[in-house]
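Accompanying notes for the structure given below.
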Amino acid sequence: PKLELPEEKVKMTAVVKEFTTVPNHFADTDDEVVIYESVAIVEPPLEIGEAWSSYSATLKKLGLQVGDRLAFEAKIVAKKLTKHPVPYKINNPSKLQKQ
């Protein structure tokens, strides 16, 4: 079933599942991405499952490892990850906290 995703930024939690790369057709290098599992919106509670985001400089500063649990605020949209069965994308995560 298709989830009703909120339009605005929401508080979320997620667990780092893996780091990977996907082809970027506009650049010579692949894009680094993070795939998350156990993704959930805190208020109102909504289980998302798996989602992904670009592996931004902000995320790299946290020194993330597989299994790390995060809390943050972000927008979530239905945007499939290239070559991976991950249906949702986390955009512009902010107020990041490792838990």
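The values are calculated or read from the model by the stated rules, or taken from the named source; none is laboratory data. Small disclaimer: the values here were computed from a predicted structure and weren't measured. For neighbour counting, all protein chains shown are included, and Cβ atoms are generated from backbone atoms with ideal geometry for every residue, glycine included. For accessibility, only protein heavy atoms count, side chains too; no ligands or nucleic acids. Shrake-Rupley method; radii C 1.70, N 1.55, O 1.52, S 1.80 Å.
Condition check for Val39 on (1) assigned to a strand (DSSP E or B); (2) more than 13 Å from the chain's Cα centre (by Cα); (3) of a type outside the set (D, E, K, R): one failure, at (2). Checking each residue in region 42-69 for being assigned to a strand (DSSP E or B) and farther than 15 Å from Gln97 by Cα picks out Leu46, Glu47, Ile48, Gly49, Glu50, Ala51, Trp52, Ser53, Ser54. Screening Lys11 with (1) open to solvent by less than 70 Å² (accessible area, probe 1.4 Å); (2) part of a strand (DSSP E or B) gives one miss only, at (1).
Taking the criterion of being of a type in the set (Ser, Thr, Tyr) and exposed (fewer than 13 other Cβ atoms within 10 Å of the Cβ), the only residue of region 83-96 that qualifies is Ser94.
Taken over region 70-80, residues that are in contact (Cβ under 8 Å) with a residue 60 or more places away in the chain and not in a strand (DSSP E or B) amount to 0.
A search for C-beta distances below 7 Å between a residue of region 9-26 that is among the basic types (Lys, Arg) and any residue that is at pLDDT below 95 and not in a strand (DSSP E or B), counting only pairs 6+ apart in sequence or on different chains, returns Lys11/Glu43.
Rundown of residues vs (1) without any contact (Cβ under 8 Å) to a residue 12 or more places away in the chain; (2) surrounded by 12 or more Cβ atoms within 10 Å (Cβ to Cβ); (3) farther than 20 Å from Lys2 by Cα; (4) acidic (Asp, Glu), yes/no style:
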residue: Thr29; (1), (2), (3), (4): yes, no, yes, no
residue: Glu43; (1), (2), (3), (4): no, no, no, yes
residue: Gly49; (1), (2), (3), (4): no, yes, no, no
residue: Leu59; (1), (2), (3), (4): no, yes, yes, no
residue: Leu64; (1), (2), (3), (4): no, yes, yes, no
residue: Asp68; (1), (2), (3), (4): no, yes, yes, yes
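Give the residue that is nearest to Asn24 (Cα to Cα), with candidates limited to residues of region 57-99 that are over 11 Å from the mean Cα position of the chain (by Cα) and among the polar types (S, T, N, Q). Going through the qualifying residues, I end up with Thr82.
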